[in-house]
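In what follows, a single structure is set out as structure tokens and then discussed.
The values are calculated or read from the model by the stated rules, or taken from the named source; none is laboratory data. Remember, predicted model here, so these are calculated numbers, not experimental data. Every residue, glycine as well, gets a Cβ built from its backbone with ideal geometry; the counts of neighbours run over all protein chains shown. For the accessible areas, the whole protein counts, side chains as well, though only heavy atoms, and no ligand, DNA or RNA atoms are used. Shrake-Rupley method; radii C 1.70, N 1.55, O 1.52, S 1.80 Å.
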Amino acid sequence: ALERFSIPRFRLITATGDYIWVTVDVVLRERQPDGKVFYGTYRDITKEIALEAELETQRRARMERTMVDTIAALPSSSALFRIRDDRTILPESYSDEFCRMGGYTQQDDLFRDNAYGGIHPDDRAQVMENLGRHLDDAKPFRLVYRIITKAKTYIWVSVNYNKFTLGETQYLYAVYTDITDLKKQEERLKEQYDAAQTFLNSVSGTYLAAR
């Protein structure tokens with residue numbers, strides 16, 4: 001019986017020092033007393049490998065685009081950020097509900113080149129520091145800060161972050177909850193408490209007489 005087999009793809013160095021991808025089809029040429037002689041046919045498959053890689057890149061890009069579009073269409077008030085190799089984050093998309101929360105539309109300039117552009121200046125440094133500290137974390141985390149609206153006012157938001165990886169790209173998914181009314185209630189309660197504390201301090205050591 002004719003003996004033949006194939007050697008799977010591997011790289012072969014050329015005379016110029018470059019590498020090419022090849023496969024080898026091997027067939028038994030003759031039998032000798034001290035062994036067998038095989039004949040190998042090399043086939044250059046470098047272009048095929050390059051095409052496979054390009055198709056895989058396109059497939060991943062389509063999958064990522066589908067994921068980005070799906071998140072943008074979610075009913076939650078959310079945003080998707082891409083984590084770059086230098087650990088900076090770049091906005092990928094904002095959901096329609098997120099836009100409505102701030103009075104924007106998808107056609108407005110939503111700080112698409114700067115993930116921190118819409119954060120209150122007094123909160124920005126702390127948010128950047130906290131985000132940087134959590135980027136290596138697999139656990140979800142939450143931050144509270146102020147963001148600007150289209151009307152140039154600020155609202156308080158509670159933001160839940162989740163990090164995930166798709167292909168070779170890391171993403172940060174953020175869900176926003178408007179807590180402005182809650183913050184206003186907290187401020188009123190604090191004012192009432194401070195006023196009561198001031199009054200108590202003013203009458204400390206004073207006796208009131210009733211007739």
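Odds and ends about this structure:
- Counting every alpha-carbon pair across the range 91-211, the share separated by more than 19 Å comes to 60%.
- HN-Hα J in Hz across the range 93-104 - Karplus 6.51, -1.76, 1.60, θ = phi - 60°, x for Gly and Pro: 6, 10, 6, 4, 5, 4, 4, 4, 4, x, x, 9
- The convex hull of the Cα atoms of the range 14-76, projected and averaged over all directions, covers 8.4 nm².
- Look at (i) 35, 23, 17; (ii) 43, 18, 14; (iii) 67, 20, 14: the one that is semi-axes √(5λ) of the Cα gyration tensor in Å derived from this structure is (iii).
- Solvent-accessible surface of the range 101-211, taken per residue with a 1.4 Å probe and all protein chains present: 69 Å².
- Cut-off under 5 Å, modelled amide H: who pairs with Ile45 long-range: Trp21, Val22, Thr23
- Gain on full extension, evaluated as 0.36 nm per residue between Asp178 and Asp108 minus their Cα-Cα distance, stands at 23.2 nm.
- Rounded if a/c under 1.5, otherwise prolate or oblate - the range 128-177, Cα gyration tensor axes: prolate
- For Val175, neighbours were defined as the other residues whose beta-carbon sits under 11 Å from its Cβ, and their charges (Lys and Arg +1, Asp and Glu -1) total 0.
- Backbone geometry of the range 44-58 corresponds, through the Karplus equation with coefficients 6.51, -1.76 and 1.60 at θ = phi - 60°, to 3J(HN,Hα) couplings of 6, 10, 4, 5, 5, 5, 4, 5, 4, 5, 5, 5, 5, 4, 5 Hz, x marking Gly and Pro.
- Taking the 1.4 Å solvent-accessible surface of the chain as the whole, the part contributed by carbon and sulfur is 53%.
- Note on the chain: with a GNM built from Cα contacts shorter than 10 Å, the maximum mean-square fluctuation among Arg43, Arg133, Arg124 falls on Arg43.
- Residue-averaged 222 nm ellipticity for the chain, from DSSP H runs of 4+ at -39500 (n - 2.57), nearest 500: -11500 deg cm²/dmol
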